[in-house]
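Presented below is the structure to which this report refers.
The values are calculated or read from the model by the stated rules, or taken from the named source; none is laboratory data. For clarity, every value in this text was computed on a predicted model and none was experimentally measured. Virtual Cβ from ideal backbone geometry, glycine too; neighbours counted across all protein chains shown.
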């Protein structure tokens, strides 16, 4: 009889323990599932690329837009005006340098013409840029400035030959640039068309003077 009572007591304790263990396992399973969900969510956020479209859109919508200056010119028009502006500044500055350094009458005459014509063209270009609310560059790219600084070290015939070689080559590129402007909008196209005959004359003069230099 006593053994039967002990057996029943042990079975009851075993059943209660099993219930506790089962309950514990169920709780553990639920916690594991929750942790897995949290990790998955974190992984998705961490793996999202910083430059993704969704993040860029969020940044752009939150960032204040700059409405103080909006150019009225497209990318091609802006590129033409910027290139023409830097080229024009260079022609004026190198013309002034040639007037100081050259002792060749024809080179000096050409240099004076370059200063006068490109100063006028620069003024005309600034008027177009102002109308289109486009800010033109006012400084040289580093490589152009370096080249111009190197030219200041030359003198005499070496300077004349280098300068005129440069004028011939540069005007070939400049003519291509201005001819390509025929596809641009009204004001820019008109500026390029009116300046083109002057540039063609420069190229012809430069070619003739350069051929005479030895």
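Would you mind finding the one in 79, 85 that is under 22 Å from the mean Cα position of the chain (by Cα), over 30 Å from residue 212 (Cβ atoms), in the same structural domain as residue 206 (by TED's automatic domain parsing) and surrounded by fewer than 17 Cβ atoms within 10 Å (Cβ to Cβ)?
On the way: 85 fails: surrounded by fewer than 17 Cβ atoms within 10 Å (Cβ to Cβ).
Result: 79 is the single residue among 79, 85 that is under 22 Å from the mean Cα position of the chain (by Cα), over 30 Å from residue 212 (Cβ atoms), in the same structural domain as residue 206 (by TED's automatic domain parsing) and surrounded by fewer than 17 Cβ atoms within 10 Å (Cβ to Cβ).
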Residues of the range 171-188 that turn out to be at pLDDT below 95 and over 12 Å from residue 84 (Cβ atoms), as a count | 5
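Among the residues in the range 118-135, are any over 27 Å from the mean Cα position of the chain (by Cα), modelled with pLDDT of 95 or more and assigned by TED's automatic domain parsing to the domain that holds residue 185? If you could, list the steps in order and put the result at the bottom.
If we filter the range 118-135 for residues that are over 27 Å from the mean Cα position of the chain (by Cα), which is where we start, we get 119-120.
Checking the rest, the ones that are also modelled with pLDDT of 95 or more come to 119-120.
In the following step, the residues that additionally are assigned by TED's automatic domain parsing to the domain that holds residue 185 were identified as 119-120.
Within the range 118-135, one or more residues are over 27 Å from the mean Cα position of the chain (by Cα), modelled with pLDDT of 95 or more and assigned by TED's automatic domain parsing to the domain that holds residue 185.
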Criterion: in a helix (DSSP H, G or I) and surrounded by fewer than 16 Cβ atoms within 10 Å (Cβ to Cβ) - qualifying residue of 120, 153, 108 | 120
Of the residues in the range 173-189, those that are free of Cβ contacts under 8 Å to residues at least 40 places away in the same chain and either surrounded by 13 or more Cβ atoms within 10 Å (Cβ to Cβ) or not assigned by TED's automatic domain parsing to the domain that holds residue 104 (or both) come to 175, 179, 189
So which residues in the range 128-160 are more than 18 Å from residue 91 (Cβ to Cβ) and free of Cβ contacts under 8 Å to residues at least 60 places away in the same chain?
-> 130, 131, 142, 153, 155, 156, 157, 158
